[in-house]
Amino acid sequence: MTSVRPFAAIFLFCFAAVPAMSHAAGADVAALRAELEQLKSDYNTRVSALESRIAQLESGQAAAPAAPAEASPAPAAAAAPPPMPFPTTPTAEPASGGGRGGASAFNPAISMILAGNYANLSRDPETYRIAGFIPNGGDVGPGERSFNLGESELTVASNVDPYFFANVTASVTADNEIEIEEAYFRTLALRDGFTVKGGRFFSGLGYLNEIHAHAWDFVDQPLVYQAFFGSQLTQDGLQVKWLAPTDTFIELGAEGGNGGAFPGTRRNRNGLNSTTLFTHVGGDVGDSTSWRMGASWLHDHADGRTYEDTDELGVPVENAFTGTSKTWGLDAILKWAPHGDSTHRQLKLQAEYLQRTEDGELAFDESGANLSGDYRSRQSGWYAQGVYLFQPRWRVGLRYDSMDSGTPHIGLVDSGTLPRSAFPALLSASPDRVTVMLDWSPSEFSRLRAQYAWDDARLDQGDRQFLLQYIYGIGAHGAHKF
Amino acid sequence: MTRLIRSALALLLLAATLPAHAALKVLATTPEWGALTNELGGDKVNVYIATSAFQDVHRIDAKPSLVARARSADLVVATGAELEIGWLPVLLQESGNGKIQPGNPGYFEAASQVKLLEVPSSVDRSMGDIHPLGNPHVHLDPHNVAAVAAGLTTRLAMLDSANAAYYQSRGADFQQRWRDAIARWESQAAPLKGVGIVVIHKDQVYLCHWLGLKELAAIEPKPGVPPSAGYLGELVTKLGAMPPRMILRNAYNDSKAADWLSERVHAPVVLLPYTVGGTPEAKDLFGLFDDTVKRLLGAMK
């Protein structure tokens, strides 16, 4: 499977190179010809525009034909029009929004999400573990008891110029820490279905991975996302997506990154340290149903990825994994609303399956005994959920999570060096969870939610979690993905 | 896996060598602009309409099928004025299509061709779902449709310069027929001047403005905010002093509140198509206004 990496690199390169090549092709003759054509068509257009204005004036219509673009200074559109041969011709619309002059005219769109909850947990959240899965230091578990301030998320976004768009989302945690959740640029001017994104961004793998926390249908992520990515997989790298020129939605994507996010680690090595490939297809069935399905593949490498555990006597130790980590997954979502009118009724069904294979070395008690042996695991998990909007602004939801840790092959155990109980975090388990929720959204900008979960993620007895949550959005009106 | 990559590459090369399509591909956000593009573009355009009369255009999912259409579009015809702000930006972003990004000739906004009504002097979300640039439901005044048609004709002629003369002649023909129709509607609708009505959402403003209908109240206390029982009670009291002749409802509106109010203020609920396809009679733009005027006059009897 290691032979795949060079191919993946070629894949990524080709993605990036094809539009560049097609744009460069025939640069001289074709460009001259195109310029001539452009000139010709512009004259035609100007003449016909004048004709239609004369006709309008002659007919003496009462309709106030808009003050066209020449009359008003170009509003503070997020996008400046690209250079045109005749800039005075009203060739293009400004993007809606902005609109005021002066120093603030080019201010980016700013929005802020406030969130928080009240949690009633039957078991001590300090002891929360997804049994059988290596702890990843991410957002795992229901959080703390009583009132909690959630992450406050600040997004600043704008078109940079006619060629690029930029977006920064920073989250401020209740512990006064600032994290850059996403900070990326994205191309605007590429054609033929290509989009390139770079910086830090949520990977396009799966369905839920790209969705920000405030748009989740439940307070928390499915167990499989928590266990496999510490909630969400972030890439520091480059993403290329290509959309097929078909009426059915077919998208191919590839990402290359530094591999710094779990399950990978930074490796002090040039080149691609993490590779993601994904594809999505989607479409409609009649005017009431739309769907999307996808498949994803992630290849990562970990160098000394540490986690905390206890040995067979209960003494804390730090273990480390070094090796390859490969994850693949399938995702599907279906939305139904009568005539596509999601204001009054909507049903949303979604499910995802993820499987991970890790192969390498596991070091036990690095700072103490420091024993090492080979390690292989195959683990999987899935969730399925349904959310039903039964009357305007009110939704109910049901989710089922299921995980299978498998029985990892641990060299140190098989050779008899250590007992299996020396690796409590890796004991076989099949955690599951059932979650129900009810939410009310007084407007597009506010949501109040109640959620109850029967969470059997720990090895021993289960946890009963009751959560009340608020989410508010202020500032610019965001647009949501499907 | 290598085979998968190879076939992906083959697909890419194939896509790069595909010939340009003959007809101009247009993605219209709403049925009225789709119908207008068809009127003006005839068989030189291939129009896909993103929404139907039974959907609230404020709340649309950025469905994969729409992203796919945006990817191949030569021109997007949108209403603008932030009507589609919850979903159109996603389509444009995901499309990988530089031609249709705002600021380019492939992006056309109807609202920027006309004068908007109800432009708020200040905005705050406590006022409900208001549009800072003005009320975007511009198409219910046929004079606005004429102005948009003029702008759209110019745009089509520019994008597809080989067929510029075709668009110009179709445009001129449409303007002529439209002027005649407006004259007919205006004379038919003369008795509607000054008639008091109640609306649900503020999406009939241009219709009222055009026909001189008097909007006495809106069932939504604030744009996008559903009425509470208390508010409806107040509305009944308020309307007792100045009874409306009718309550206007669009195809995509919920009928409950309107029916409730109708019983109490003794005014009929008039179902209006709102856009092309909203009623069986509103087959095209002419049918839309024929039927709207007919239904309004019907309620006067």
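The values are calculated or read from the model by the stated rules, or taken from the named source; none is laboratory data. Keep in mind that what you see is a predicted model, and the values were worked out from it rather than measured. All Cβ positions, glycine included, derive from the backbone under ideal geometry; neighbour counts span all protein chains shown. Quick note on the areas: whole protein, heavy atoms, side chains included, nothing else; ligands and nucleic acids left out. Shrake-Rupley method; radii C 1.70, N 1.55, O 1.52, S 1.80 Å.
Quick rundown of the values:
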| quantity | calculated |
| --- | --- |
| Criterion: open to solvent by less than 10 Å² (accessible area, probe 1.4 Å) and modelled with pLDDT of 95 or more - qualifying residue of A:Leu334, A:Leu362 | A:Leu362 |
| Residues of the stretch A:454-472 classified as in contact with a Phe, Trp or Tyr (Cβ under 8 Å, 6 or more places away or on another chain), open to solvent by less than 20 Å² (accessible area, probe 1.4 Å) and in a strand (DSSP E or B), total | 3 |
| Number of the exception - B:Gln101 against (1) within 17 Å of B:Gly277 (Cα to Cα); (2) at the interface with chain A (Cβ under 7 Å from one of its Cβ atoms) | (1) |
| Residues satisfying the stated conditions in the stretch A:429-441, i.e. open to solvent by 40 Å² or more (accessible area, probe 1.4 Å) and within 14 Å of chain B (Cβ to nearest Cβ) | A:Trp440 |
| Test: residue in the stretch B:255-262 that is open to solvent by 30 Å² or more (accessible area, probe 1.4 Å), closer than 25 Å to B:Asp56 by Cα and within 14 Å of chain A (Cβ to nearest Cβ) | yes |
| Number of the exception - B:Asp124 against (1) without any contact (Cβ under 8 Å) to a residue 24 or more places away in the chain; (2) surrounded by 21 or more Cβ atoms within 10 Å (Cβ to Cβ) | (2) |
| Residue satisfying condition, being crowded, with 21+ Cβ neighbours inside 10 Å and without any contact (Cβ under 8 Å) to a residue 60 or more places away in the chain, within set A:Leu448, A:Leu412, A:Leu398, A:Leu426 | A:Leu412 |
| Those helices (runs of 4 or more DSSP H) lying entirely in the stretch B:13-117 with at least 1 residues aromatic (Phe, Trp, Tyr) and either more than 25 Å from A:Lys241 (Cβ to Cβ) or open to solvent by 10 Å² or more (accessible area, probe 1.4 Å) (or both) | B:31-41 |
| Residue among A:Pro419, A:Pro431 that is closer than 28 Å to A:His212 by Cβ, in contact (Cβ under 8 Å) with a residue 40 or more places away in the chain and more than 24 Å from the chain's Cα centre (by Cα) | A:Pro431 |
| Qualifying strands (runs of 3 or more DSSP E) (wholly inside the stretch A:194-298; at least 3 residues being touching a His at 6+ places or on another chain (Cβ under 8 Å) and within 14 Å of chain B (Cβ to nearest Cβ)) | A:249-257 |
